[in-house]
Each structure stands twice: as C-alpha cells, then as structure tokens.
Amino acid sequence: MITELDLEISEYVKSAPDVMQACEYLAEINFVKRDFAFIYETFSHAMIEVLGENENITLPSGIEIEKKSGYDRKGWDHKSLGNAVADRLVQMSIDMDTGEVIKTPREIATDLLTYCAPSYWRIKELNKIGINPDNYCDVGELKTSIIVRKAKD
C-alpha cells in the first residue's frame, strides 16, 4: 500500500497540480503524521508496562523490541570531559609492562570518536573507560523508551 501511495503521489506531482490544493494535501498529511506519532508514543509508553521485566523481545518475524532507559543529560562541560577522555586514552595507549607508547597521537585522536559523536557523548563507552559522564553535565529525569528494530536480512 505504501508503494502504491508513493506512486500515486509521484503521478500527482507530475500532473502539475494546483499549488494551493497540493499545499492543502501536504498539510493534511502532516497532521495525520503528527497525530499518528502521538498515538505511537502513547502506545509505546504503555508497552513499557506491558513488557514488565523483559528488556528485549524478538518476534517470530525477526523484529526486535527493546526497552531502553537513560537519563536526559544537558549542560555538558565538553572541554573538561574531552580532557578527561584524552587523558584516559593516553594512559590506555601505554604498554604497562614496557612503558612504550603503542599508539600515535592520530590514533588516540581517532579513538576519541569511540566515546563521543559530533553532537553527543556516548554514555556506555565513557562508562567502559571509567569516566562517569554525569560529572560533566546536568542529569535530568530517567526516561524509558521502546526501540523497534527491523528484522536482520
């Protein structure tokens, strides 16, 4: 059905529709999308209770449903956290038996991307190297969400 609708939309656009009419359709589709997103969010939050203690469910179709929790973090002290990660990466690049530095500065800088991305810090990865990200930001409320992943081919 989605493919059919996509084809119909393509044909509609090719037919040089009236701009005002096309904008009305676009607005209506946007409102449906927004309303359906609200319905999805409501059901998704209800599923947190339905799943109970289950963290992951794999359906017979291969689709995975995961319940995930995390804190809302804001107000990062990026400079201090970046320095802490850099210090730890330098420490980790030294062979403890020989004292030899086994990574180049470029490799260490590249490793930094394991712990952060251009727009966010990777919480689990920071914890793995013993850095508590909560020391570098304002921690908000714990939020739990549902993640739906397509079946793997």
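The values are calculated or read from the model by the stated rules, or taken from the named source; none is laboratory data. Keep in mind it's a predicted model, so treat the numbers as computed, not measured. Virtual Cβ from ideal backbone geometry, glycine too; neighbours counted across all protein chains shown.
Okay, here's what the table says:
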{"read-out": "Single residue of 86, 109, 117 found to be within 25 Å of residue 143 (Cβ to Cβ), modelled with pLDDT under 95 and of a type in the set (A, V, I, L, M)", "value": "117"}
{"read-out": "Options 25, 40, 12; residue that is free of Cβ contacts under 8 Å to residues at least 40 places away in the same chain and under 30 Å from residue 138 (Cβ atoms)", "value": "40"}
{"read-out": "Residues of the range 128-141 classified as under 16 Å from residue 112 (Cβ atoms) and under 18 Å from the mean Cα position of the chain (by Cα), total", "value": "1"}
{"read-out": "Count of the range 43-58 residues which are surrounded by 10 or more Cβ atoms within 10 Å (Cβ to Cβ) and either acidic (Asp, Glu) or in a helix (DSSP H, G or I) (or both)", "value": "9"}
{"read-out": "Number of the condition not met by residue 61 [criteria: (1) within 29 Å of residue 133 (Cα to Cα); (2) among the small types (Gly, Ala, Ser); (3) surrounded by fewer than 10 Cβ atoms within 10 Å (Cβ to Cβ)]", "value": "(1)"}
{"read-out": "Residue among 152, 79 that alone is in a loop (DSSP other than H, G, I, E, B) and either within 30 Å of residue 43 (Cβ to Cβ) or among the charged types (D, E, K, R) (or both)", "value": "152"}
{"read-out": "Lone unmet requirement of (1) in contact (Cβ under 8 Å) with a residue 24 or more places away in the chain; (2) charged (D, E, K, R); (3) touching a Lys or Arg at 6+ places or on another chain (Cβ under 7 Å); (4) within 30 Å of residue 153 (Cα to Cα) for residue 138", "value": "(4)"}
{"read-out": "Unique match (being surrounded by 10 or more Cβ atoms within 10 Å (Cβ to Cβ) and not in a helix (DSSP H, G or I)) among 110, 98, 144", "value": "144"}
{"read-out": "Flag for residue 90 being in contact with a helix residue (DSSP H, G or I) (Cβ under 8 Å, 6 or more places away or on another chain), without any contact (Cβ under 8 Å) to a residue 40 or more places away in the chain, surrounded by 11 or more Cβ atoms within 10 Å (Cβ to Cβ) and more than 27 Å from residue 150 (Cβ to Cβ)", "value": "yes"}
{"read-out": "Count of residues meeting criterion [under 18 Å from the mean Cα position of the chain (by Cα), under 20 Å from residue 123 (Cα atoms) and not hydroxyl-bearing (Ser, Thr, Tyr)] in the range 57-88", "value": "8"}
